[in-house]
Amino acid sequence: ALHFAERLRGALGSAILHCQEALLPGDVTPVILAVLRDPSRAGLVSSLFHETDWRGDRPRLQVLDPATWTAIQQLAETGLLTLNTRATRHLAGEAPPEPAKPALTPEQLQRIAELRAFAAKKEKVAQILAAEGLDEEAEPHRKAAEKALAEAEGMESGGMPRD
């Protein structure tokens, strides 16, 4: 992919707005995404792509114009579209902005508050038990507090709640 990106930069220079390689969940074939300032140059990108000697399977190529790329990013920012990749690698042009995390729902915010309150209570019980020398009895309460905090932090960061 890097060899292709070098050839693309050499042929198009600043006409490349963005180019990245992405791996999708459950798929071994990478996708090359090229965003061109001048969409009429898409044929050249396709020619360079097909002329490239690839190691292993040939990736899939997607060429977008700036308006489409901007629309995709805006939809992702609002949460209407999810960009679902296992990994991405910037190859050429401008680095893409980090996708915004979707806003938390009122139910998620409520759950986070409940988890934090539960964790605070469990930690307080653990401290009281530990102060009385009952460390063994305090440990399950401390672990419950840690688990609740980890779940709350996972929800806040956009991750899935942990089991």
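The values are calculated or read from the model by the stated rules, or taken from the named source; none is laboratory data. Fair warning: this is a prediction, and the values are worked out from it, not measured in the lab. All Cβ positions, even for glycine, are placed from backbone atoms using ideal geometry, and neighbour counts span all protein chains on display.
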Do we have residue 71 as more than 25 Å from residue 86 (Cβ to Cβ) and either among the hydroxyl-bearing types (Ser, Thr, Tyr) or without any contact (Cβ under 8 Å) to a residue 40 or more places away in the chain (or both) here?
-> no
Inspect all residues belonging to region 54-65 and state whether any of them is closer than 30 Å to residue 156 by Cβ, part of a strand (DSSP E or B) and basic (Lys, Arg).
-> no
For residue 57, state whether it is in the same structural domain as residue 83 (by TED's automatic domain parsing), under 20 Å from the mean Cα position of the chain (by Cα), within 19 Å of residue 89 (Cβ to Cβ) and among the acidic types (Asp, Glu).
-> no
Considering every residue within region 12-31, establish whether at least one is part of a helix (DSSP H, G or I), buried (at least 17 other Cβ atoms within 10 Å of the Cβ) and modelled with pLDDT under 80.
-> yes
Taking the condition surrounded by 13 or more Cβ atoms within 10 Å (Cβ to Cβ) and at pLDDT 85 or above, does residue 61 pass?
-> yes
Which condition breaks for residue 48 when tested against (1) in contact with a strand residue (DSSP E or B) (Cβ under 9 Å, 6 or more places away or on another chain); (2) touching a residue at least 40 places away in the same chain (Cβ under 8 Å); (3) of a type in the set (A, V, I, L, M)?
-> (1)
Could you pull out the residue among 138, 117, 113 that is at pLDDT 90 or above, surrounded by 14 or more Cβ atoms within 10 Å (Cβ to Cβ) and small (Gly, Ala, Ser)?
-> 138
Inside region 1-26, can you point out the residues that are farther than 19 Å from residue 72 by Cβ and in contact with a strand residue (DSSP E or B) (Cβ under 9 Å, 6 or more places away or on another chain)?
-> 1, 2, 4, 5, 6, 8, 9, 12, 14, 15
